[in-house]
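Novice: Before we start, here is the structure in question, set down as structure tokens.
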């Protein structure tokens, strides 16, 4: 008998997923059409480069199709595919733009009770996304994973191969940087 965590996930596109396991071109095309926009947007939020996001998205689909036997069925296919896209995006970002030092940031106290945190929730979502895309790669990556992709710190720590506390610290620093940008934008609006 399967435990709750081992339960096979019932995908609405199970027939197509089964087709992928048989290298069925029709199933591959249908799966691609169903998921490509979401996967492209995921890559774009991390990479902030349309061409690179397109490349990563394409590579991720190829990888998923080649490794479909690794899909266990214990979660949604979309989540499994998204994890591949996130990992490939992070790899591409690390290779092309910076060397990610996994141990350079120490532990810092994390506190969401700051009044500025409430302000960010009330600010225009599109403006915040634009500001996130203008941050450094490291800040953009952690904020994208946490705020836009919905990963928690435990998941982010696994994706980035960092400790839970380092994930929280990086998020805290990136959030502070984002709040500074929002404050600067508000000051500019008052002046103009």
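Novice: Kindly indicate which of 12, 8, 90, 31 is in a helix (DSSP H, G or I) and at pLDDT below 90.
Specialist: Result of the check over 12, 8, 90, 31: 90.
Novice: What number of residues in segment 142-160 are under 19 Å from residue 131 (Cβ atoms) and crowded, with 18+ Cβ neighbours inside 10 Å?
Specialist: 7
Novice: Oh, and also: Checking residue 189 against (1) surrounded by fewer than 14 Cβ atoms within 10 Å (Cβ to Cβ); (2) modelled with pLDDT of 85 or more, which test does it fail?
Specialist: (2)
Novice: Just give me the residues in segment 56-81 being within 21 Å of residue 146 (Cβ to Cβ), assigned to a helix (DSSP H, G or I) and out of contact with any helix residue (DSSP H, G or I) (no Cβ under 6 Å at 6 or more places or on another chain), in sequence order.
Specialist: Matches in segment 56-81: 78, 79, 80.
Novice: In segment 24-41, which residues are surrounded by 18 or more Cβ atoms within 10 Å (Cβ to Cβ) and over 24 Å from the mean Cα position of the chain (by Cα)?
Specialist: 27
Novice: What about residue 101, is it surrounded by 18 or more Cβ atoms within 10 Å (Cβ to Cβ), at pLDDT below 95, under 21 Å from the mean Cα position of the chain (by Cα) and closer than 21 Å to residue 156 by Cα?
Specialist: The answer is no for residue 101.
Novice: Out of all the residues in segment 161-180, which are free of Cβ contacts under 8 Å to residues at least 24 places away in the same chain and surrounded by 21 or more Cβ atoms within 10 Å (Cβ to Cβ)?
Specialist: The answer is none; no residue qualifies.
Novice: Which numbered condition in (1) at pLDDT 85 or above; (2) within 14 Å of residue 86 (Cβ to Cβ) is the only one that residue 175 fails?
Specialist: Answer for residue 175: the failing condition is (2).
The values are calculated or read from the model by the stated rules, or taken from the named source; none is laboratory data. Quantities reported herein were computed from a predicted structural model and do not represent experimental measurements. All Cβ positions, even for glycine, are placed from backbone atoms using ideal geometry, and neighbour counts span all protein chains on display.
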